[in-house]
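*Asks:* Take a look at this one; I'll ask things after.
The values are calculated or read from the model by the stated rules, or taken from the named source; none is laboratory data. Bear in mind the structure is a predicted one, so any value in this text is a computation, not a measurement. Positions of Cβ are generated from backbone atoms using ideal geometry, with glycine treated the same way; all protein chains shown enter the neighbour counts.
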Amino acid sequence: MQIWRVLVLALGAAAPLRAETLLDGAGFEARVTGQTLAFSAGGQPYGYEQYLPGRRVLWAFAGGECRAGHWYEPEPGRICFVYEHDPAPQCWAFFDIQGRIVARFEGAEPGDELIETERSPRPLNCPGPDLGA
């Protein structure tokens with residue numbers, strides 16, 4: 001039995017550690033409100049989101065226009081966004097992985113996520129008459 005115990009411990013030590021903590025709405029809100037986060041996908045810049053009080057947001061794809069919206073939590077751990085240009089909800093699971101926000105789109109496979117690459121209290125730069133700074 002000792003050999004099996006050593007083997008199990010050795011295999012466990014060799015496995016990569018990727019501790020995920022699923023964030024519920026309150027945990028997500030506490031982590032992001034007042035912040036602008038940059039996200040990447042596959043190692044490439046993907047977009048930016050500014051999280052405002054009252055669960056309001058401004059989103060922009062990298063190099064794209066800003067879109068205003070809001071988010072809500074229809075059930076624990078499922079966070080949905082609705083933007084002014086598209087009323088269809090876009091739902092995600094948000095995780096804290098080693099201090100970073102990682103977002104997995106509903107139905108996507110693990111490994112196909114958006115990963116927080118930067119965080120700032122500065123507003124999103126949204127040129128235009130009524131968006132952002």
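*Asks:* Determine, yes or no, whether residue 65 is under 18 Å from residue 105 (Cβ atoms) and of a type in the set (Asp, Glu).
*Replies:* For residue 65, the condition - under 18 Å from residue 105 (Cβ atoms) and of a type in the set (Asp, Glu) - is not met.
*Asks:* Same structure, new question: If residue 81 satisfies all but one of (1) of a type in the set (A, V, I, L, M, F, W, C); (2) without any contact (Cβ under 8 Å) to a residue 12 or more places away in the chain; (3) surrounded by 15 or more Cβ atoms within 10 Å (Cβ to Cβ), what's the number of the condition it fails?
*Replies:* Result: residue 81 fails condition (2) only.
*Asks:* Which of the residues spanning the stretch 22-50 are hydroxyl-bearing (Ser, Thr, Tyr) and either farther than 10 Å from residue 124 by Cβ or surrounded by fewer than 17 Cβ atoms within 10 Å (Cβ to Cβ) (or both)?
*Replies:* Answer for the stretch 22-50, where residues must be hydroxyl-bearing (Ser, Thr, Tyr) and either farther than 10 Å from residue 124 by Cβ or surrounded by fewer than 17 Cβ atoms within 10 Å (Cβ to Cβ) (or both): 33, 40, 46.
*Asks:* Condition check: of a type outside the set (D, E, K, R), at pLDDT below 95 and either loosely packed, with under 14 Cβ neighbours inside 10 Å or part of a strand (DSSP E or B) (or both). Does residue 8 satisfy that?
*Replies:* Here the answer is yes, as residue 8 does meet what is asked.
*Asks:* Please specify each residue of the stretch 87-104 satisfying the condition of being surrounded by 11 or more Cβ atoms within 10 Å (Cβ to Cβ) and under 17 Å from residue 55 (Cα atoms).
*Replies:* Scanning the stretch 87-104 gives 89, 90, 91, 92, 93, 94, 101, 103.
*Asks:* Which condition number in (1) over 15 Å from the mean Cα position of the chain (by Cα); (2) farther than 20 Å from residue 85 by Cβ is the one that residue 63 fails?
*Replies:* Checking residue 63 against (1) over 15 Å from the mean Cα position of the chain (by Cα); (2) farther than 20 Å from residue 85 by Cβ, the one that fails is (2).
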